[in-house]
Structures are given as C-alpha cells and as structure tokens.
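Step one of this worksheet: look at the structure below.
The values are calculated or read from the model by the stated rules, or taken from the named source; none is laboratory data. On a predicted model such as this, the values are computed, not experimentally measured, just so you know. Every residue, glycine as well, gets a Cβ built from its backbone with ideal geometry; the counts of neighbours run over all protein chains shown.
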Amino acid sequence: MKIKITLIFLGISLFTQNAAFALLAGICLSFIKELPSNFITKRVGSKFLQTGIVLLGGSISLPTVVELNGAYLPWISLFVVITFAVGILLGKFLGVDKKQAYLLASGTAICGGTAIAAVAPSIKAKPEDLTISLSIVFLLNAIAVITFPLVGLWLGLTQEQFGAWAALAIHDTASVVGAASVIGFDSVEVAATLKLARTLWIVPLVIFSVWYFSSERQGSGLPLFVVFFIFAVGLNTLLDPSEDVISTLKILNKNLLLTGLFCIGTQIDRQALRLISIKPLLLALALWCAVIPSSLWIVTSI
C-alpha cells in the first residue's frame, strides 16, 4: 500500500515538473504515512540526485566551466574559508559542541550533507551529532528549494545571477540544482558548474580535519559523483554531441532530480525533527542568515 501511494505522489511530482513541489510532496508523504527508516525512497534518493547531476555534466562543455569559474573561483574560495571560520567561531560563542559546530560549519561552507558525511569519520563525530547536522541541513535545503526561486524572481535576478547565488548560498548540490531548475536551464548550468568548484573544497577540508583532530582518515575525499560529473563534462567537450542528445540529457536530468528531491523529502520526518536541539539549530540558522545576503552581494557585484 505504501509503495502504491508513493508512486502516486511521485507521478504527480513528475507531472508538475516543479522541484519545490516534488520536495514538498515527499515531505507530506513522510508525515502522512510515517515511512520506515529502510523505505526504498530513503535508500535510493541520493542515487537519483547524483545520477541526474552526472547527466547534467554531459550537457555542459569544458570552456563553459572554465569561463564561469574564472570569474567566480576567487570569490568562491574566499567565501568558503570565511564561512567555515565564522561557523566555528559562532559555534563557540553559542556553546555548541565542538564537533557538532565543525560539522555544521563544513556543511554550510561547502556542500551540506556530502561535506558532513565526508568529514564525520575524520573527526570521529558521534552518531547523534551526525544525525542532527544532516537533519538540520535537510530542513534548510527544503526551505531553500521553495523560497529561493521566489526571492530570485522578486529581485529580478538574471539566470546567471540566480545560479551563482544558489551555488553559494544553498547547502547541497541537488538542492542548488533543484532551485535553479525553477528559473531555467541557463541558471542550472551556472549553478551546477559553480557548485562543483565549491564542492572541490571537500578535499582540503578532510585533510585539514585529520590534522586538526589528529585522527586517522576514514572517510572518502571527493564524492564519486563529482568525479563522474567532471568526466561527463570532458566527454561533452570531446564528442560535441548533437542538440538532440543534449536535449535528451536535459530531460533525463530534470526527471532524475525531481525524483531524487521527492525521495529526499521523505527523509524529513517527525523522528528526525525531534532530534534537533536549539543550539545547533540556532548556529545553522545564524550562519545561513549571514551567508544568504553576503553571497547575494557577491553575485550582483561581479
């Protein structure tokens, strides 16, 4: 019965072709049916998202990546370092546990749940710290996918400006692309390309984490889907596919992202929300409230 209702909700989400609606549909389903922790949508959601992002790479050429990152890379690097440092200092000021603050600062500065999952083994974070950090990031991502496109349209941002803003201000890659997809494909292209540069900071972050906490490295560095994304961009540049192929990749990308966002929505349930305590939530909100306007100022100034 749960599978049947899930397919109905997913079908409606794909029909609407709206990222925010797909995420909300997943959240509504999780609250209505209280899905078990091993339910299929909770196990495969990230796979759909990552596959969609890799296919997106197949529709972007290397010159586009170089051109965009040439203009934004110094700003992205400065943004990541300052956000991470402010997150650590703010965590101390609010009295948040050191490792909990480190996870939230990593997720906000770089790429949400991916950065948190990569860093957690290196700092030997407690399971409850990891769960709380991921739950907060999932919640903020859900808010971002719904609200960012509305704010972007209200402010009259161009597709490039919105894509750059989303790439800097939203935590997870999938949510960045999901929010940008509401604005247009040019926005998605910019968002995915710049988010890639931000995600690459996982490697120095993990190395720094090993040194800072003096623990053996147990987590992986760069996420595998990012490697495949770079490979797909290289293939696009080498093979120069036709417009029909590019169009097909865009359609597949859109539907995989919608399916993934729907599945991610099902992970935000009552049990996950009950684990969130006030201090880590305040830290994540305060840091995000600083990130949103500062990143907007950057993209409108370049």
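The table below gives the values:
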{"quantity": "The lone exception for Cys111 - which of (1) touching a residue at least 40 places away in the same chain (Cβ under 8 Å); (2) surrounded by fewer than 23 Cβ atoms within 10 Å (Cβ to Cβ); (3) in a helix (DSSP H, G or I) it fails", "calculated": "(2)"}
{"quantity": "Hey, Leu155 surrounded by fewer than 19 Cβ atoms within 10 Å (Cβ to Cβ), modelled with pLDDT of 85 or more and within 24 Å of Leu23 (Cβ to Cβ) or not", "calculated": "yes"}
{"quantity": "Leu89 being without any contact (Cβ under 8 Å) to a residue 12 or more places away in the chain, of a type in the set (A, V, I, L, M) and either surrounded by fewer than 23 Cβ atoms within 10 Å (Cβ to Cβ) or out of contact with any Pro (no Cβ under 9 Å at 6 or more places or on another chain) (or both)", "calculated": "yes"}
{"quantity": "Spans of helices (runs of 4 or more DSSP H) in region 117-220 with at least 2 residues within 13 Å of the chain's Cα centre (by Cα) and closer than 20 Å to Leu257 by Cα", "calculated": "127-155, 159-169, 173-183, 185-199"}
{"quantity": "Test result for Val96, within 23 Å of Ala109 (Cβ to Cβ) and either over 20 Å from the mean Cα position of the chain (by Cα) or without any contact (Cβ under 8 Å) to a residue 60 or more places away in the chain (or both)", "calculated": "yes"}
{"quantity": "Ala22 farther than 17 Å from Ile170 by Cα, in contact (Cβ under 8 Å) with a residue 24 or more places away in the chain and among the small types (Gly, Ala, Ser)", "calculated": "yes"}
{"quantity": "Of all residues making up region 242-258, the number that are touching a Ser or Thr at 6+ places or on another chain (Cβ under 8 Å) and either outside any helix (DSSP H, G or I) or within 18 Å of Val176 (Cα to Cα) (or both)", "calculated": "6"}
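Here's the yes/no breakdown for (1) in contact with a Ser or Thr (Cβ under 7 Å, 6 or more places away or on another chain); (2) surrounded by fewer than 22 Cβ atoms within 10 Å (Cβ to Cβ); (3) farther than 30 Å from Gly234 by Cα:
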| position | (1), (2), (3) |
| --- | --- |
| Ser13 | no, no, yes |
| Thr16 | no, yes, yes |
| Ala22 | yes, no, yes |
| Leu29 | yes, no, yes |
| Asn38 | no, yes, yes |
| Thr41 | yes, no, yes |
| Val44 | no, yes, no |
| Thr51 | no, yes, no |
| Ile60 | yes, no, no |
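Listed here are the residues, each with its yes/no results for (1) among the hydrophobic types (A, V, I, L, M, F, W, C); (2) farther than 21 Å from Leu29 by Cα; (3) buried (at least 21 other Cβ atoms within 10 Å of the Cβ).
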site: Val245; (1), (2), (3): yes, yes, no
site: Asn253; (1), (2), (3): no, yes, yes
site: Ile276; (1), (2), (3): yes, no, no
site: Ile292; (1), (2), (3): yes, yes, no
